[in-house]
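Student: The following block contains the structure, expressed as structure tokens.
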Amino acid sequence: MKTLYTYGWPESRRLFLLLPFLLLIFPVFSQTDSSAWLQRLEALSPADSVPKQLNMDAVYDRPFLQMGKMPVALGGYVEGNTAYFSTDGISEGFSFQLPRLTLFFASTVARRIKFLSEIEFEEGGREINIEFASLDIQLHPALNLRGGVLMNPIGAFNQNHDGPKWDFISRPVSATQLLPATWSNVGFGLYGKWYTGDWTLGYEIYLTNGFDESIINNEQNRTFLPAAKANNDRFEESSNGQPLVTAKLSLRQFRLGEIGFSYMGGIYNKFQEDGLALDRKRRLHTYAVDFNTTLPGIGAKLTGEWAWITIDVPETYGQQFGSRQQGGFLDVVQPVFRKKMFGWEKAVFSVVCRLEYVDWNTGRFRETGGEIADDFKAIVPGVSFRPTAQTVLRLNYLYQRQRDILGNPPASTAGWQFGVSSYF
Amino acid sequence: MQSIRTRYFLFTLCALLVACEKTLPSLPADQDLLDGPVEGLNGEQNKRFLAGDVAFNDQVFTGTTGLGPLFVATSCGSCHAGDGKGHPSTALTRFGQSDDTGNQFLHLGGPQLQHRALPGFAPEQIPVGAGFAKMLPPANTGLGFLELVPDAELLTLADPDDADGDGVSGRVHWHLIPAYIQPRPGAVEQNGRYITRFGKKAATYDLLQQTAVAYNQDIGIVSNFEPFDTYSGVELDPEISNQTIQDVVFYLRTLKAPVPRNPDDAEISAGQTIFSQIGCAKCHVPTLHTGPSPIGPLASRTFHPYTDLLLHDMGSQLDDGYTEGTAATFEWRTPALWGLGLSKNSQGGQYFLLHDGRAPSIESAILLHGGEGDQSRSAYQQLDDHQRNQLIRFLESL
């Protein structure tokens, strides 16, 4: 699939996009990493060790490398894994994947004016996306302007999705198949933070381009917000001339952790064209709650997110396309060993577990009164090993059950994944 | 020492591999699934089966790929979960014909109600005065066998005038067929009409017609076979290739026949005996035969669908005031009973039986039989609880 920025380019030219970054990055591998980020990950309690950081800071909360006096700092991460899955006894065998290679570069244009961009190469370069490219202007810590390609702050994962930060190989299904992470759009808005004692309060509000009718007109055969990601025209113009509003309020307490409340909504359908009415305006509303905390004493880190979606689906559609959806995940990461291992001074070995649930169609059949299913449950236990803060090796076992809309016996899928993810 | 370590390593590796295999879901028993190909297909046929499987179960149409603008469903698989029977939410409605003079409401969207529509379009409504019937999607399994039953065998089973006086008088459905349909070898013709056998009213000749019409009437997809748009009535460019339609036809032809479960169980065997004793087998004929076919595993086979593919008078309770072809409104084609016990696995965990799913259990379906089924219903009511249970267990084993 071609993106806005590469559309029409021959394959060989697109590779040239990579070269400048690689040439810049390899010589600076030996440069010193400077960020507080490293200390945070080494402590493996990233949220609590830097009490004033919020999830919204994730985009800058990465290890950047700066070469000499160059005005640009560079960074990136890569993920690779192998998997062996079986669904109801049928397996496609082993597969090896390079799901993403991401490059980011940041620049301080002037005092309190900075720019950051994140370019992602997915599935070995089959997709190239600019996930983030925004200019931030700080008028006051509580009032910042942001404009460009930005990640809508719905839930926590969408803004904080770097592979090396997570101890699980797969991204949460609720974040990628219910919510459309990574969901970026062109737009602008405001954000800011206040600090008082142990408390940090943050807010974000953006107007962006947004969804289109593909969310109810797609090959998933269900209401499916991620279908809108295929429309790269959204980086050029809104599908209907109506802005998507995304807003988030976050609160962090030094000991308790962080909780966020977010909303994303707007009109998704093309209700008029050339001044002629095509349909009435149809809205979608997405609400999400996210949190992260570290349990005192045992040091287990909990990260979770839950989203509720309501969509005005045309009455002329069948119940295949749900008007209400919900889902979320809970990750538990329990460090077991935190010591020198295999020659790495501050290696950490953890046991982990993720619980996931998605209901793409909440409701009951008009014809029978029976429950509409179309849902998914999964448990993902595993272990992770961090030889350094930037790198994580992960071994996950996944067991999931997915029911069709009628609630027939679920398809059971299970399998093993092993992979590595590392900043570079 | 090195050798011991190597052995230990290999043993551990093997143990881990075995352990990993144990952590993966196992394949359900063949008898518990309706989908899957008939045994004995060659490599080329397996590829065609898989191509048809993808088109049938995975290809979802959208507004940009031809869906509608009026439609009933967005894909074949939407209505035939796991290739099994449909659910009331996937029922389709047909209207406009009450006798053999034809459908009087074709100009108002008949015979099929497209009750769903893309945004901006108005779905169809049942016209005032039009009789209608709701129909649940049937199971797909074993259709290739049913398609190959020679006309001569159906004519042998038919007894339109009840010459044997047993109260059962099934008849074949003589009906017109579209120009793109090639009559099967040995087909019997009568005044330009052929014996049709698929559908609740046995008004469809073969699986090609069934598939092309379903794409057109259910999904709003025009093809070289059915080129007229259900919304505008205008002939349009094909929205699906002949190849895809033929792949789906091949898929439907080569879906396996349902496998009976525990046929040697004494209670089930007793139920089978009761089934014949009370006359069910007069219409739900246990055994049929296929004729010649280029698909080896389907050719010249004996199989057990429990249908005679004939039209029968089912009484006033099942007369919805709608029909097709030359069938009467109270006539329905005998549905095959194979796979009946697995119906719940495609109907959301409960039974929705008879043509529109009105029967929530096998017993209630039996008790709704009238007309030619009246004697068997009465005989069933004379059975004691144990015998009824044996009969139900037999039916659920199919």
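Student: So if I take the alpha carbon set of the protein assembly as shown, get Rg, then get Rh from the Kirkwood formula, what is the Rg over Rh ratio?
Tutor: Result: Rg/Rh = 1.04.
Student: Using +1 at the Cβ of each Lys and Arg and -1 at the Cβ of each Asp and Glu in the protein assembly as shown, identify which of B:Ala299, B:Ile245, A:Gln66 lies farthest towards the dipole's positive end.
Tutor: Positive-most Cα among the choices belongs to A:Gln66.
Student: Now a separate question. Put a dot 7 Å past each Cα toward the Cβ at B:Ala29 and B:Thr101; how far apart are the dots in nm?
Tutor: 5.5
Student: Give a quick list of chymotrypsin sites (Phe, Trp or Tyr not before Pro) in the range B:90-189 that DSSP marks as loop, anything other than H, G, I, E or B, with at most 14 other Cβ atoms within 10 Å.
Tutor: On the way: sites: B:Phe95, B:Phe105, B:Phe121, B:Phe132, B:Phe145, B:Trp174, B:Tyr180; in loops: B:Phe105, B:Phe121, B:Tyr180.
Sites meeting the loop and neighbour criteria: B:Tyr180.
Student: Okay, next question. Ignore the peptide's own chain and count Cβ atoms of other chains within 10 Å of each Cβ in B:60-72; give me the average, rounded.
Tutor: Mean partner shielding for this stretch: 3.
Student: Per residue of A:220-226, count partner chain C-beta atoms within 10 Å of its C-beta, then hand back the mean as an integer.
Tutor: Shielding by partners across A:220-226 averages 2.
Student: Set the bar at 22 Å for Cα to Cα. Now go through A:Lys229/B:Lys47; B:Lys47/B:Lys256; A:Lys193/A:Lys346; B:Lys85/B:Lys200; A:Lys165/A:Lys346 and name every pair that lies beyond it.
Tutor: From the list (A:Lys229/B:Lys47; B:Lys47/B:Lys256; A:Lys193/A:Lys346; B:Lys85/B:Lys200; A:Lys165/A:Lys346), the Cα-Cα distance tops 22 Å for A:Lys229/B:Lys47; A:Lys193/A:Lys346.
Student: Cross-link partners among aspartates and glutamates for A:Lys69, C-alpha distance below 15 Å, same-chain residues fewer than 8 apart left out?
Tutor: A:Asp33
Student: From the helices alone, meaning DSSP H stretches of at least four residues, give me the mean residue ellipticity at 222 nm for chain B, per-run term -39500 (n - 2.57), in deg cm²/dmol to the nearest 500.
Tutor: Values: 10 runs with 105 residues, N = 398.
Rounded to the nearest 500, the figure is -8000 deg cm²/dmol.
Student: So if we plug the beta-carbon distance of A:Gln334 and A:Arg280 into 1/(1 + (r/R0)^6) with R0 = 51 Å, what FRET efficiency do we get, rounded to 0.05?
Tutor: 0.50
Student: At 1.4 Å probe size, what's the solvent-accessible area of B:His80? Round to the nearest 10 Å².
Tutor: Estimated to the nearest 10 Å², B:His80 gives 30 Å².
Student: Given a cut-off of under 8 Å on Cα pairs at least six residues apart, what relative contact order in percent is computed for chain A?
Tutor: Relative contact order comes out at 14 percent.
Student: Then there's this: Mind checking the full-extension length gain between A:Gln272 and A:Ile205? Use 0.36 nm per residue of separation minus the Cα-Cα distance, one decimal, nm.
Tutor: Contour length minus the Cα-Cα distance gives 21.4 nm.
Student: Once you keep just the Cα pairs under 8 angstrom separated by 6 or more residues, what percentage relative contact order results for the range B:288-398?
Tutor: Worked out over the range B:288-398, it gives 24 percent.
Student: Place a label point 7 angstrom from the Cα of A:Glu367 along the Cα-to-Cβ direction, then list the residues of the range B:126-143 whose backbone nitrogen is under 11 Å away.
Tutor: Once the point is set 7 Å along Cα→Cβ of A:Glu367, B:134-138 turn out to lie under 11 Å by backbone N, inside the range B:126-143.
Student: Choose one answer from B:Ala152, B:Ala281, B:Ala202: the residue with the largest mean-square fluctuation in a GNM of chain B with alpha-carbon springs under 10 Å.
Tutor: B:Ala152
Student: Mean-square fluctuation check for chain A, GNM, Cα pairs under 10 Å: which of A:Glu345, A:Glu356, A:Glu315 is largest?
Tutor: Taking springs between Cα atoms under 10 Å, the residue moving most is A:Glu315.
Student: Separation between the B:Asp265 and B:Ala179 pseudo-spin-labels, each 7 Å from Cα along Cα→Cβ, expressed in nm?
Tutor: 5.4
Student: If DNA, RNA and ligands are ignored and the probe is 1.4 Å, what is the ranking of B:His284, B:His115 by accessible area, most exposed first?
Tutor: Ranked list, largest accessible area first: B:His115, B:His284.
Student: Using a Gaussian network model of chain A whose springs link C-alpha atoms within less than 10 Å, name the residue from A:Ser262, A:Ser412, A:Ser174 with the highest mean-square fluctuation.
Tutor: Per the Cα network of chain A with a 10 Å cutoff, A:Ser412 tops the list.
Student: Around B:Ile366, what is the net charge, scoring Lys/Arg as +1 and Asp/Glu as -1 over all other residues with Cβ under 12 Å from its Cβ?
Tutor: 0
Student: Follow-up. What is the dipole size for the range A:11-423, taken about its Cα centre, with +1 at each Lys and Arg Cβ and -1 at each Asp and Glu Cβ, in debye to the nearest 20? Intermediate values should be presented prior to the final figure.
Tutor: Working: 40 positive and 43 negative charges, 273 e Å.
Approximately 1300 debye in magnitude.
Student: If I take R0 = 56 Å and measure r between the Cβ atoms of B:Ala379 and A:Leu98 in this structure, what FRET efficiency does the formula 1/(1 + (r/R0)^6) give, to the nearest 0.05?
Tutor: 0.25
Student: Counting only helical runs of four or more DSSP H residues, what would the 222 nm mean residue ellipticity of chain A come to if each run contributes -39,500 (n - 2.57) and the total is spread over all its residues?
Tutor: That comes out to -2000 deg cm²/dmol.
Student: Residue by residue through the range A:260-270, what is 3J(HN,Hα) from phi via Karplus (6.51 cos²θ - 1.76 cosθ + 1.60, θ = phi - 60°)? Round to whole Hz and write x for glycine and proline.
Tutor: x, 10, 9, 9, 9, x, x, 8, 9, 9, 8
Student: Something else now. Show which aspartates and glutamates lie in cross-link reach of A:Lys377 when reach means a straight Cα distance below 16 angstrom and same-chain residues fewer than eight apart are skipped.
Tutor: A:Asp88, A:Glu305, A:Asp331, A:Glu356, A:Asp359, A:Asp404
Student: Could you order A:Val392, B:Val188 so the one with the most accessible surface comes first? Probe is 1.4 Å.
Tutor: On the way: A:Val392 0, B:Val188 45 Å².
My answer, sorted largest first, is B:Val188, A:Val392.
Student: Hey, another quick one. What average count of beta carbons from other chains do you get within 10 Å of the Cβ of residues in A:392-404?
Tutor: On the way: counts 0, 0, 0, 0, 0, 3, 0, 3, 1, 1, 0, 1, 6.
Average neighbour count from other chains, rounded to a whole number: 1.
Student: How far apart, in nanometres, would the label points at A:His140 and B:Ala281 be if each is projected 7 angstrom from Cα along the Cα-to-Cβ direction?
Tutor: In this crude spin-label approximation the distance works out to 9.1 nm.
Student: Compute, for A:Arg354, the solvent-accessible surface of its heavy atoms (probe 1.4 Å) with the complete set of protein chains present, and express it in square angstrom to the nearest 10.
Tutor: Around 10 Å² of this residue is reachable by solvent.
Student: In nm, what is the difference between 0.36 nm times the number of residues separating A:Glu315 and A:Ile90 and their Cα-Cα distance?
Tutor: In short, 77.2 nm is gained.
Student: Additional query: When the Karplus curve 6.51 cos²θ - 1.76 cosθ + 1.60 is applied with θ = phi - 60°, which whole-Hz ³J(HN,Hα) does each residue of the range B:344-357 get, with x for Gly and Pro?
Tutor: Couplings: 4, 6, 10, 10, x, x, 9, 7, 10, 10, 6, 4, 10, x Hz.
Student: Same structure again: Which semi-axes, in whole Å and largest first, does the equivalent ellipsoid of the range B:41-397 have when worked out from the alpha carbon gyration tensor as the square roots of 5 times its eigenvalues?
Tutor: Each semi-axis is the square root of five times an eigenvalue, giving 32, 23, 21 Å.
Student: Hey, could you grab the Kirkwood Rh for the range A:76-177? Inverse mean 1/r over distinct alpha carbon pairs, Å, one decimal. Mind showing how you got there, number by number?
Tutor: Values: mean 1/r = 0.0626 Å⁻¹.
It is 16.0 Å.
Student: Please calculate the 1.4 Å probe accessible area of B:Ile126, with all protein chains present, and give it to the nearest 10 Å².
Tutor: Rounded to the nearest 10, the figure is 60 Å².
The values are calculated or read from the model by the stated rules, or taken from the named source; none is laboratory data. As the structure is a computational prediction, the values presented were derived from the model and not from experiment. Virtual Cβ from ideal backbone geometry, glycine too; neighbours counted across all protein chains shown. SASA here: full protein model, heavy atoms, side chains in, ligands and nucleic acids out. Shrake-Rupley method; radii C 1.70, N 1.55, O 1.52, S 1.80 Å.
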